[in-house]
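Please read the structure below before turning to the comments.
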Amino acid sequence: MIIIGSGPAGLTAAIYASRDGLRTLVVAGAMWGGQLMLTTEVDNFPGFKEGILGPDLMDNMWKQAERFDAEMIFDDATAVDFSSKPFKASVGSKLYEGKSVIIATGASAKWLGLESEKRLRGRGVSVCATCDGAFFKSKKVVVVGGGDTAIDDALALSKFATEVKVIHRRDKLRASKILQERAFKEPKIEFVWNSTVQEILGRDKVEGVRLRKVDSGEESELTCDAVFLGIGHKPNTEIFKGQVQLDKAGYVIAKDTTKTSVEGVFVAGDVQDYWYRQAVVAAGAGCKAAMDAKRYLERG
């Protein structure tokens, strides 16, 4: 079995597959471990009453899979061929073949592209309000974006923060009507229209943002303790185009939970699930994909 991806979905699939005696290869990627490698404290993954660091959680998952003889390649898959069996995956200059494949490449959060944003990731800059919102109880936070993700994040953060300011580059939201109505009614949420974030301020932690008005170019500074980016995600499916069925946004389409349009190729995690985007959900999907793949292989 070839598992492409090494976040919670991919590594959970590797644990189940290798423990069941399947020869399991994990194409982990040059940057292995998924989005949890970019987080600090993880408080909402079951089993860790004091929380656990994201990289430590992923390291534990990999060591568990390795204990059952799963093999990992720390390089990116550059191409796949699902047109015939065995299925093929190109990794660097090598070609690997498998009787079954699990796609678990996840989705990447969209970033603003600022140096300060990269430097302060995990120090007040986050792309997951559900994951990190509780760390900013009684603090002032900023949400960037105007779609469903941003407004959903703003509503979630209003339960913890004393003040939530939504920075949007337009003068109206793109979010669904029901989310807009809820946000406009929430007294903790304020909107800063026609503005973009030019810089995230702070040396060792977020202390504020520098804003620029889209129409006038006027700049100003806003004090805050955290910046949550809600500008969307992009599924990591470039190499799967033309190989399995994707939806308009590029996510893998699953039927019967984990089956793709190609028999013997399965999917798990954020590369298919654009709604929940939680580590525990991805891990559960990895379990299901491995079990489905095993049943497929047993049928011959």
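The values are calculated or read from the model by the stated rules, or taken from the named source; none is laboratory data. What you see is a predicted model; the values in this text were computed from it and never measured. Glycine gets a Cβ as well: all are built from the backbone with ideal geometry, and neighbour counts include every protein chain shown.
The C-beta contact set for segment 80-95 (first residue over 16 Å from M1 (Cβ atoms), second residue not in a strand (DSSP E or B), distance under 7 angstrom, 6+ apart or interchain) comprises G92/D75. If only residues of segment 241-254 that are touching a residue at least 60 places away in the same chain (Cβ under 8 Å) and within 20 Å of the chain's Cα centre (by Cα) are counted, the one that is surrounded by the most Cβ atoms within 10 Å (Cβ to Cβ) is V252. Of all the residues in segment 255-282, those that are surrounded by fewer than 23 Cβ atoms within 10 Å (Cβ to Cβ), out of contact with any Asp or Glu (no Cβ under 6 Å at 6 or more places or on another chain) and not hydroxyl-bearing (S, T, Y) number 11. Among the candidates S138, S158, the residue that is of a type in the set (S, T, Y) and crowded, with 17+ Cβ neighbours inside 10 Å is uniquely S158. Residues of segment 74-120 that are among the aliphatic types (A, V, I, L, M) and within 21 Å of W62 (Cβ to Cβ): A77, A89, V91, V101, I102, I103, A104, A107.
Condition (residue is surrounded by fewer than 22 Cβ atoms within 10 Å (Cβ to Cβ), assigned to a loop (DSSP other than H, G, I, E, B) and under 23 Å from the mean Cα position of the chain (by Cα)) applied to segment 18-30: is it met by at least one residue? Scanning segment 18-30 turns up at least one residue that is surrounded by fewer than 22 Cβ atoms within 10 Å (Cβ to Cβ), assigned to a loop (DSSP other than H, G, I, E, B) and under 23 Å from the mean Cα position of the chain (by Cα). Pairs are defined by a Cβ separation below 8 Å, a sequence spacing of at least 6 or placement on different chains, a first member in segment 228-239 that is on the phi < 0 side of the Ramachandran plot and in contact (Cβ under 8 Å) with a residue 60 or more places away in the chain, and a second member that is part of a helix (DSSP H, G or I) and of a type in the set (S, T, N, Q); the pairs so defined are G230/T149; I231/T149; H233/T149. Just one residue in the set A9, A70, A109 is at pLDDT 95 or above and either within 15 Å of the chain's Cα centre (by Cα) or surrounded by fewer than 18 Cβ atoms within 10 Å (Cβ to Cβ) (or both); that residue is A9. Among the residues that make up segment 274-281, is at least one of them outside the structural domain of I15 (by TED's automatic domain parsing) and of a type in the set (S, T, Y)? Checked against the condition, which is being outside the structural domain of I15 (by TED's automatic domain parsing) and of a type in the set (S, T, Y), segment 274-281 yields no hits at all. Criterion applied to K185, K165 was being within 23 Å of K137 (Cβ to Cβ) and surrounded by fewer than 18 Cβ atoms within 10 Å (Cβ to Cβ), and the one residue passing it is K185.
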